[in-house]
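Visitor: Take a look at this one; I'll ask things after.
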Ligand code: AMP
Ligand code: ZN
C-alpha cells in the first residue's frame, strides 16, 4: 500500500467514502463528482498504479474485479440490459486522463444526457 495515495486511504477507511461494496479484495464507492446519474469507482484494495502495471500474476484478481461490474451497475441504479447498461472506463496515465494513480474503474450509467466529461462526443 502507498501511504499518501488517496484511494489507499479510502481502502483503509482513513478517508470517508460512500461505499456500496466491500470485500477482501475490492471496494466500490460513489464518485465525489459524478459525471452521470450513476457514477461509481471500483478499486482493488492493494495499491497498483494503472492497467499498465498488470502482469500475468494479476489476471485472477483482475478477472474477479471485472466480473463485479455488471452487478454493481445493476444494484446502484443502472437500467437493465440491453436498453440500459453502463460504461466502464479506466483512465490510464496522465494523457489518458488519470488523476489518481491507483487503478480504478469508473462505472457510469443512468438516463442520458450525461455530462460531456463522461460521454465525449467522439
Ligand atoms: P481519474 O481522473 O480517472 O483518476 O478519476 C479520479 C476520480 O476520482 C474523479 O472522477 C474524481 O471525481 C474522483 N474522486 C476524487 N476524490 C474522491 C473522493 N475523495 N471520493 C470519491 N471520489 C473521488
Ligand atoms: Zn493506492
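Visitor: Could you tell me whether residue 106 is within 22 Å of residue 18 (Cβ to Cβ), touching a residue at least 40 places away in the same chain (Cβ under 8 Å) and touching a helix residue (DSSP H, G or I) at 6+ places or on another chain (Cβ under 8 Å)?
Guide: Taking the combined requirement at face value, the residue does not satisfy it.
Visitor: If I ask for residues that are in a loop (DSSP other than H, G, I, E, B), within 18 Å of residue 66 (Cα to Cα) and in contact (Cβ under 8 Å) with a residue 12 or more places away in the chain, which ones from segment 80-89 would you list?
Guide: Passing the criteria: 85, 86.
Visitor: OK, next. Is segment 90-100 home to any residue that is assigned to a strand (DSSP E or B) and under 20 Å from residue 63 (Cβ atoms)?
Guide: No, segment 90-100 has no match at all.
Visitor: Can you find a residue that is away from ligand 1 (no atom under 15 Å from the Cβ), modelled with pLDDT of 95 or more and assigned to a loop (DSSP other than H, G, I, E, B) anywhere in segment 68-77?
Guide: Yes, because at least one residue in segment 68-77 is away from ligand 1 (no atom under 15 Å from the Cβ), modelled with pLDDT of 95 or more and assigned to a loop (DSSP other than H, G, I, E, B).
Visitor: How many of the residues in segment 95-110 are surrounded by 22 or more Cβ atoms within 10 Å (Cβ to Cβ) and away from ligand 2 (no atom under 16 Å from the Cβ)?
Guide: Number satisfying all stated conditions: 3.
Visitor: Between a first residue in segment 61-79 that is at negative phi and a second residue that is part of a helix (DSSP H, G or I), which pairs have beta carbons less than 9 Å apart while being 6 or more apart in sequence or on different chains?
Guide: That search, which allows pairs on different chains as well, returns 62/51; 78/70; 78/72.
Visitor: Among the residues of segment 1-60, which ones are more than 19 Å from residue 107 (Cα to Cα) and near ligand 1 (Cβ under 9 Å from one of its atoms)?
Guide: Those that are more than 19 Å from residue 107 (Cα to Cα) and near ligand 1 (Cβ under 9 Å from one of its atoms): 9, 15, 16.
Visitor: Scan segment 46-57 residue by residue and report those that are buried (at least 16 other Cβ atoms within 10 Å of the Cβ) and assigned to a helix (DSSP H, G or I).
Guide: 51
Visitor: Still on this structure, I have one more. I want to confirm something. Restricting to segment 30-44 and keeping residues that are surrounded by 20 or more Cβ atoms within 10 Å (Cβ to Cβ) and away from ligand 2 (no atom under 14 Å from the Cβ), which single residue is nearest to the chain's Cα centre (by Cα)?
Guide: 40
Visitor: Taking the condition of being within 16 Å of ligand 2 (Cβ to nearest atom), assigned to a strand (DSSP E or B) and in contact with a helix residue (DSSP H, G or I) (Cβ under 7 Å, 6 or more places away or on another chain), how many residues in segment 12-28 meet it?
Guide: Number satisfying all stated conditions: 3.
The values are calculated or read from the model by the stated rules, or taken from the named source; none is laboratory data. Computed from a predicted structure; not experimentally measured. So basically every Cβ, Gly included, is an ideal-geometry build from the backbone, and we count neighbours across all protein chains shown.
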